[in-house]
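Below: the structure, in structure tokens.
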Amino acid sequence: MSFEVLLALGFAFGIGFGYFVQRAGFCIAVGLAEIYMGHGKRIAKLLALIFAITSVGFLLSGHFNPSLGLKPIGQIRGFGFYNLAAGMLFGAGILLNGGCILGTLRQIGEGNLTFVVVLLSFIPGMAIVVHVLDPLLVHGYHVQKPLLSGLLGAPASYVTLALAIAATAWLVRLHRRSTKGRRGASLSDTGTMDGGEGTSRERRAG
Amino acid sequence: MPISSRQARPLLFAAGFALLNVAMYFALGKFWIGGSSFLPMIGELGPEKKFLFAFIVNMGVIAGAFLGATSSREFRLRWPRPALLPKAILGGVLIGVGVTLAPGTCTTAFVTGLPMLSVSSFLSAAGIFIGGFIVFQFTMRRVAR
């Protein structure tokens, strides 16, 4: 397959990703804010479902094609210190501007041009690391790429299935809670089905 | 535990995203990635131009989100408000630093890295939770004052 065809297929898959993300109203920044505020958990439900499906799918891919299967994403740098630091910077950034990577791309697609500014602001941040920090820090990176199953010394299928079942159980628990909360609210408040439930997207999400 | 169609719809779309990610892995041997996909904006295309591929996928994400927004009548052109720009720029720069300092540290950790059982993604997710919490506390205190 030529690289041009690969790019065209990638773009087509991207359209699908974007459509689903927009219709689901998915954004990690919103999900974190919901967790910190202690209510909602709308994005947590979506994340649990995505985890359950994707983890089983990735695991099965190795059985159909040995060149696929589970692969480490990214790298552990500096025995995890750089991952934690980078995560904290990223977490701070998405809470500041209100959009993770998918959230930023979704908002641009929805016509919110503030997120074009956010996207362009990635450039100086990335350039600082590639051209200034990387040359200074590269000797301390000690790059490692372990998988959780290797770290635990357990077969990947057992670890994946255990986590997928846990994610599904969490999803069911969150759904039960939100259903109970909605029933209570509709009985005690206005008596209407949609009374005081927030934005249309939040209502849609339940 | 009945699930109304209003509640089920976002879950179905999230399931669609997850299945598409798996389908792309089966079909092309590649999965969705976020942060590193923007490195081509500073001229870094990655080994075998994998960042360029991811960048094109994410340009498709914008097109797909536009399609979803127009089909659901949620598309609305909103110009940047000057008061929001400093936060947007600072947030963007922090994201740029974060995603490059440790590859795989972004939304990728949640939708691709954790399902792959990648230990770096578990560490990144912990960092994201802590960093977000600090900013959230700081913001809430300012709002409370």
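The values are calculated or read from the model by the stated rules, or taken from the named source; none is laboratory data. In this text, all values refer to a predicted model and were calculated from it rather than measured experimentally. FYI the Cβ positions are ideal-geometry reconstructions off the backbone, even for glycines, and counts take in every protein chain you see.
State yes or no: is B:Ala18 over 28 Å from A:Ser121 (Cα atoms), under 14 Å from the mean Cα position of the chain (by Cα) and at pLDDT 95 or above?
Details: over 28 Å from A:Ser121 (Cα atoms): yes; under 14 Å from the mean Cα position of the chain (by Cα): yes; at pLDDT 95 or above: yes.
For B:Ala18, the condition - over 28 Å from A:Ser121 (Cα atoms), under 14 Å from the mean Cα position of the chain (by Cα) and at pLDDT 95 or above - is met.
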Item to check | Residues of segment B:45-75 classified as outside any helix (DSSP H, G or I) and crowded, with 16+ Cβ neighbours inside 10 Å, total | outcome: 3
Item to check | Residues being in contact (Cβ under 8 Å) with a residue 60 or more places away in the chain, under 22 Å from A:Gly78 (Cα atoms) and facing another protein chain (nearest Cβ under 9 Å) - total across segment A:142-180 | outcome: 5
Item to check | Of residues in segment B:25-44 being at the interface with chain A (Cβ under 8 Å from one of its Cβ atoms) and without any contact (Cβ under 8 Å) to a residue 12 or more places away in the chain, the one surrounded by the fewest Cβ atoms within 10 Å (Cβ to Cβ) | outcome: B:Ala27
Next on the checklist: Looking only at segment A:47-83, how many residues end up being touching a strand residue (DSSP E or B) at 6+ places or on another chain (Cβ under 7 Å) and crowded, with 23+ Cβ neighbours inside 10 Å?
Outcome noted: 4
Next on the checklist: Tell me yes or no: at least one residue of segment B:84-104 is under 24 Å from A:Ile108 (Cβ atoms), of a type outside the set (Lys, Arg), out of contact with any helix residue (DSSP H, G or I) (no Cβ under 9 Å at 6 or more places or on another chain) and in a helix (DSSP H, G or I).
Outcome noted: yes
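Residues that are of a type in the set (A, V, I, L, M, F, W, C) and in contact with a helix residue (DSSP H, G or I) (Cβ under 6 Å, 6 or more places away or on another chain): which helices (runs of 4 or more DSSP H) entirely in segment A:103-173 hold 3 or more of them? Spell out how you get there, then give the answer.
On the way: elements: A:114-128, A:134-137, A:148-152.
It comes to A:114-128.
Which of the residues spanning segment A:75-93 are free of Cβ contacts under 8 Å to residues at least 40 places away in the same chain and within 7 Å of chain B (Cβ to nearest Cβ)?
Our first condition is that a residue be free of Cβ contacts under 8 Å to residues at least 40 places away in the same chain; within segment A:75-93, this holds for A:80-81, A:83-90, A:92-93.
Within segment A:75-93, A:Gly80, A:Asn83, A:Leu84, A:Ala85, A:Ala86, A:Gly87, A:Met88, A:Leu89, A:Phe90, A:Ala92, A:Gly93 meet the criteria.
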Checklist outcome for this item: Subset of segment B:105-145, residues outside any helix (DSSP H, G or I) and not basic (Lys, Arg), comes to B:Thr105, B:Cys106, B:Leu114, B:Pro115, B:Met116, B:Leu117, B:Ser118
Item to check | Candidate set from segment A:31-46 (those that are surrounded by fewer than 21 Cβ atoms within 10 Å (Cβ to Cβ) and assigned to a helix (DSSP H, G or I)); member that is nearest to the other protein chains (Cβ to nearest Cβ) | outcome: A:Tyr36
